[in-house]
1. Name the residue, out of A:247, A:260, that is in contact with a strand residue (DSSP E or B) (Cβ under 9 Å, 6 or more places away or on another chain), of a type in the set (A, V, I, L, M), at negative phi and more than 11 Å from RNA strand B (Cβ to nearest atom).
2. Checking residue A:74 against (1) surrounded by 23 or more Cβ atoms within 10 Å (Cβ to Cβ); (2) within 22 Å of the chain's Cα centre (by Cα); (3) over 28 Å from residue A:152 (Cα atoms), only one condition comes out false. Which one?
3. Quick test of your reading of the structure: residue A:59 fulfils all but one of (1) within 12 Å of RNA strand B (Cβ to nearest atom); (2) touching a helix residue (DSSP H, G or I) at 6+ places or on another chain (Cβ under 8 Å); (3) under 14 Å from residue A:272 (Cα atoms). Name the failing condition by number.
4. Inspect region A:259-266 for any residue being more than 23 Å from residue A:8 (Cβ to Cβ) and either touching a residue at least 24 places away in the same chain (Cβ under 8 Å) or over 12 Å from the mean Cα position of the chain (by Cα) (or both) and give the result as yes or no.
5. May I ask you to list the residues in region A:310-323 that are more than 16 Å from RNA strand B (Cβ to nearest atom) and either surrounded by fewer than 17 Cβ atoms within 10 Å (Cβ to Cβ) or more than 28 Å from the chain's Cα centre (by Cα) (or both)?
6. Please go through (1) touching a strand residue (DSSP E or B) at 6+ places or on another chain (Cβ under 7 Å); (2) surrounded by 18 or more Cβ atoms within 10 Å (Cβ to Cβ); (3) closer than 30 Å to residue A:224 by Cβ for residue A:90 and return the number of the only condition it doesn't satisfy.
7. Tell me, please, whether a residue that is within 12 Å of RNA strand B (Cβ to nearest atom) and touching a Pro at 6+ places or on another chain (Cβ under 6 Å) can be found in region A:134-143.
8. Within region A:214-237, how many residues turn out to be under 15 Å from the mean Cα position of the chain (by Cα) and on the phi > 0 side of the Ramachandran plot?
Amino acid sequence: MLRFEIQAVCPTTGARAGILHTPHGDVETPVFMPVGTQATVKGILPRDLVNDLDAKIILGNTYHLFLRPGHETIRKLGGLHQFMNWPRAILTDSGGFQVFSLNSLRKITEEGVLFRSHLNGDAHMFTPESTIDVQMALGSDIMMVLDECLEYPASHEAARVSTVRTIRWARQAYAHFRKQRTENACFPIVQGSMYADLRRHCAEKLIDLDADGYAIGGLSVGEPRALSLEMVETAAELLPKDRPRYVMGVGMPDELPQYVARGIDMMDCVLPSRNARNGYLFTSDGRVVIKQTQYKEDPRPVDASCPCYTCRNFSRAYLRHLFLAGEITFSTLATLHNLQRYLDIMREIRQAILLGKLPELLEAVSLHVQEDQHIKKPRS
RNA sequence: UCCUCAGUAGCUCAAUGGUAGAGCAUUCGGCUGUUAACCGAAGGGUUGUAGGUUCGAGUCCUACCUGAGGAG
């Protein structure tokens, strides 16, 4: 059983600071987990992820690694950690998100998901049991059960049918997981679309599994931000207090403390890494879209208060040049920076909780967001 | 000096005599458990110049200008 040590609880919000003890090291929470779908966090090296960024846990993806290079290949080569030379913890997504993102390439049946490979069209059946087997082969520290990430909007009836199936799949996956002799953990996933009754029902059923931790999925699929927060709040308050809670696939920087304030301990998102490659940099003072003309001769770093390698050594003008020239180095420098920003935000939040100052931090962030919106309005 | 070919958006090029377009570049958006170094929108034109034929010319005719190649 995964040990989750809670160090402090915010008396106002219930937010927690803790430590997740995994087979590949301790993870201080709340934590942001960089996404490394295909056995790499795109654009950067494990060396930088460890030495510079000090990330404690990253994501891998069952669907993508199953297709290429294949989980048996990775097993033979010593597991995912050894394969990609990542010494710390790994959480693997089950392929449930690909049910959403590759919706034109799959068919859902009662047994599982029939995917048609986006690489060569081959058909592959993913079942609750088989996705556990694949994640075991990878050697994932925290496995996720197979779920259905539903599109938005969905009717209550469609969401109900989907949620019932996801609950059944979670039970099957968990029963199969229990049979493994492993130190590794497994999280079920709360679904229910944007319906509070379904979210509550799903959470209540999953609690019976007495799982290592619980995820909340199916968010950030196009719904308004307020709804995502509401659904998280609805589910989180039902989940056991002594287990880690993970919101999958969120969010923008100012949303991170909002989730933590609703009792969330873990988050992941492609925004810092993907947006980095697309020229969108997150700073302590808002966004920097590096391709904009205003940065053509800007000698300042992206974020003067950022300790990352990029901000310590390079100007906005230089980064803009690299981006416009299509140079690969841009991706590396930008990804380093954005991930530093996200990891630092979570460290600040964690410190605030430990010091009993989360309410102040939340207030400062919401003020900042309001100012930002005031600035943006006249433009549009 | 003559011959041939070519001049269309910033660049490279499309367009039976019938509403001048594309890619790239530029400017600005978007991106949320990665099918994404990706996707989208906008701006940008006296079709080398001057005439002519035609209901209608980027397209056909004449002259000139510019460039490339060839001949001498």
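1. Values: A:247 fails: more than 11 Å from RNA strand B (Cβ to nearest atom).
Only one candidate passes the filter, namely A:260.
2. Every listed condition holds for residue A:74 apart from (2).
3. (2)
4. Filtering region A:259-266 down to residues more than 23 Å from residue A:8 (Cβ to Cβ) leaves none.
Within region A:259-266 (the criterion being more than 23 Å from residue A:8 (Cβ to Cβ) and either touching a residue at least 24 places away in the same chain (Cβ under 8 Å) or over 12 Å from the mean Cα position of the chain (by Cα) (or both)), the answer is no, since none of the residues qualifies.
5. First pass over region A:310-323, keeping only residues more than 16 Å from RNA strand B (Cβ to nearest atom): A:310-315.
Of everything in region A:310-323, those that are more than 16 Å from RNA strand B (Cβ to nearest atom) and either surrounded by fewer than 17 Cβ atoms within 10 Å (Cβ to Cβ) or more than 28 Å from the chain's Cα centre (by Cα) (or both) turn out to be A:312, A:313, A:314, A:315.
6. Exception for residue A:90: condition (3).
7. There is no residue in region A:134-143 that is within 12 Å of RNA strand B (Cβ to nearest atom) and touching a Pro at 6+ places or on another chain (Cβ under 6 Å).
8. Total meeting the criteria: 2.
The values are calculated or read from the model by the stated rules, or taken from the named source; none is laboratory data. Quick caveat, the model's predicted, so the values are computed rather than measured. Ideal geometry is used to build each Cβ from the backbone, glycine not excepted, and the neighbour counts take in all protein chains shown.
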